[in-house]
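Novice: Below is a structure I'd like to ask you about.
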Amino acid sequence: MPRKLVAVDDGHGIDTPGKRTPAMADGKVILENQFNAPAAKMYATALNRCGIDTMFTAPEDKDVPLETRIKRANDAGADLFVSWHYNAFKGNWDETKGGYEVHHYPGSVEGKKLATGLHGEMIKGTPQVDRGIKESNFAVLRETNMPAALIENGFMDVTKEAALMLSFEYQKEQAEQAAAGTCKYLDVPYVPEVPVQQLSTPIIAKPSATVGQAVAWAKAKGATKWFIDLAPIYWQLAPLVGVDPAVVYAQAFKETDGGYRNGRSNAGLDTSYNNPCGLKITAGGGDRDSSAHKRFSTPEEGVQAHIDHAALYAGAPGYPKAGTPDPRHFPYIKGKAPTVEALGGKWAPAADYGISIRDSYLKPLRATAEPAQPPVQPPTPPQGDSQVVADLKTRIATLEDDIARANDRALVAERETAEINKKLEKYQLYFKLQNELKGV
């Protein structure tokens, strides 16, 4: 039976005007894309796990026109089209609204069946107002050649639901529920994500390899000098906060391909960014958008930001902390990934992200032999003409004689000084007696 193909549409790009929350108390806003993009990627990952192929209608992470997204799905011959969105009422805070809903094109039997399957799973998640299944004449529902549904996962202008937009747990929940509903429609078994075994490869731990092993491993894998030079920095800074430096160094190799061995990453980053782990700016952005990634001033700053981000995920004591260079030091991620394996689906959308770090990078690093230290050689006596050596020895003997004579003269002078002092004492006593006799 051929595999099904689902067109995944993450709604609006990072730069779409107006698609954002009202201003928070601190003046910040959350972009709709900051929910849509990660949730859509998690949804695709879940479908892949269930044996369903996926394609993205807007992989550029920018505002792609509706007609382009629709054409891509139609040209790919997708079997389904699922669009991800976050609703809004008037763009001002309004606590009277809220809730989720699923849309399909009016009169589309298969569209309604798909929407019903999605809705039936969504009602099992975070308690929200159930706004039901709706018929809508949206272009992505009308112009697509396959059954299509559009999910509104909440309201951006309701404070409680706006707060859910950046919640990894809520993004994951919605993605898994939508995947289960999609599987139900396609009559494909839904395969739950296998829970990561805790305490398998802890991030908070003593160094599990030496810096010498790390350097030898990086050199053997053809890493750049920039990446190799990062090793001492990781081994200096990571243990200060309890993080195993081998873990974060192995992750850095995966994130930078050994320090941008091909010059630049897929996102356009190079060594000038001093960004060893692909950290984005606070506002986030597209995975392939270089401007969405943080540029650090020094390698040390970039490494510290990486360590702090990993320590926060692992739930290290004292985190979150003030003064960190980590631009995405969000308190809600604390303790979400205490192990390397648990980083999958959190640090990166792929469920096997952490397993890949462990098996492809960390294990080989730890297995690398400690470089042998060269034996210490005794100092080699100076080589030269034998006559020169003999002359030097004669000169040394002469100097020793001079020193001995000088010492003898010093002893004689010391004795003479003592005799003079004795005579001086006698004269002083004589003059004292004379003065007494004269009555002075």
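Novice: Residue farthest toward the positive end of the dipole of the chain, with Cβ of Lys/Arg at +1 and Asp/Glu at -1: which of Gly120, Ser200, Gly284?
Specialist: Ser200
Novice: Now a separate question. Roughly speaking, what is the stretch gain from Lys432 to Lys28, that is 0.36 nm per residue apart minus the C-alpha to C-alpha distance, in nm to one decimal?
Specialist: 135.4 nm
Novice: In deg cm²/dmol and to the nearest 500, what is the mean residue ellipticity at 222 nm of the chain if only DSSP H runs of at least 4 residues count, each as -39500 (n - 2.57), divided by the residue total?
Specialist: For the chain, the value works out to -13500 deg cm²/dmol.
Novice: Moving on. As an exercise, use a Förster radius of 35 Å and the Cβ-Cβ distance of Asn262 and Glu60 to find the FRET efficiency, rounded to the nearest 0.05.
Specialist: 0.95
Novice: May I pose another question? How much net charge surrounds Asp244 when only other residues with a Cβ under 15 Å from its Cβ are counted (Lys, Arg +1; Asp, Glu -1)?
Specialist: +2
Novice: Based on other C-beta atoms within 10 Å, arrange Met146, Met24 from fewest to most.
Specialist: Exposure proxy ranking, most exposed first: Met24, Met146.
Novice: Between Thr282 and Ala372, what is the label-to-label distance in nm when each label sits 7 Å out along the Cα-to-Cβ direction?
Specialist: Going from the Thr282 label point to the Ala372 one covers 5.4 nm.
Novice: If you don't mind, another one. How many nm is it between the label spots at Ala163 and Thr298, if each spot is 7 Å from the Cα in line with the beta carbon?
Specialist: Placing both labels 7 Å beyond Cα along the Cβ direction yields 3.9 nm.
Novice: Evaluate E = 1/(1 + (r/R0)^6) for Ile123 and Asp270, where r is the Cβ-Cβ distance and R0 equals 51 Å; express this FRET efficiency to the nearest 0.05.
Specialist: 0.60
Novice: Please state the charge dipole magnitude for segment 5-186, taken about the Cα centre, from unit charges on C-beta atoms (+1 on K and R, -1 on D and E), reported in debye and rounded to the nearest 20.
Specialist: Using Cβ point charges on Lys, Arg, Asp and Glu, segment 5-186 gives about 200 debye.
Novice: Going by C-beta contacts inside 10 Å, put Trp93, Trp217 in order with the fewest on the left.
Specialist: Exposure proxy ranking, most exposed first: Trp93, Trp217.
Novice: Tell me, what is the Rg over Rh of segment 125-173, with Rh the Kirkwood radius over Cα pairs?
Specialist: For segment 125-173, the value is 1.04.
Novice: Turning to a different aspect of this structure: Place a +1 charge on the Cβ of each Lys and Arg in the chain and a -1 charge on the Cβ of each Asp and Glu, then give the dipole magnitude about the Cα centre in debye, rounded to the nearest 20.
Specialist: Around 540 debye, computed over the chain.
Novice: By how many degrees, between 0 and 90 and to the nearest 10, does the Cα long axis of helix 386-437 differ from the longest principal axis of the chain?
Specialist: With rounding to tens, the tilt is 60 degrees.
Novice: Any chance you could run the full-extension gain for Lys90 through Glu425? It's 0.36 nm times the residue separation minus the Cα-Cα distance, nm to one decimal.
Specialist: Using 0.36 nm per residue and subtracting the Cα-Cα distance, I get 109.2 nm.
Novice: Sticking with this structure for a sec: Give Lys254/Lys336; Lys28/Lys71; Lys184/Lys294; Lys321/Lys346 a once-over and call out the pairs whose C-alpha atoms are over 31 Å from each other.
Specialist: Check vs 31 Å cut-off fails for Lys28/Lys71; Lys184/Lys294.
Novice: Considering only Tyr313, Tyr361, Tyr332, give the residue with the highest GNM mean-square fluctuation for the chain, with springs between Cα atoms whenever their separation is below 10 Å.
Specialist: Of Tyr313, Tyr361, Tyr332, the Gaussian network model singles out Tyr332 as fluctuating most.
Novice: Quick one: compute the contact order of the chain, relative version, from alpha carbon pairs under 8 angstrom and 6+ residues apart, as a percent.
Specialist: 14 percent
Novice: Still on this structure, please answer the following. Hey, fewest Cβ within 10 Å first, where do Thr96, Thr144 land in order?
Specialist: Listing Thr96, Thr144 from fewest to most nearby Cβ atoms yields Thr96, Thr144.
Novice: Follow-up question, since we're still on this one. Please compute the length gained on full extension between Asn74 and Leu240, using 0.36 nm multiplied by the number of residues separating them and subtracting their Cα-Cα distance.
Specialist: Stretched out fully, the Asn74 to Leu240 stretch lengthens by 54.4 nm.
Every number here is computed from the coordinates shown, using simple stated rules; none is lab data. Computed from a predicted structure; not experimentally measured. Cβ sites come from the backbone with ideal geometry, for glycine too, and all protein chains shown count toward neighbours.
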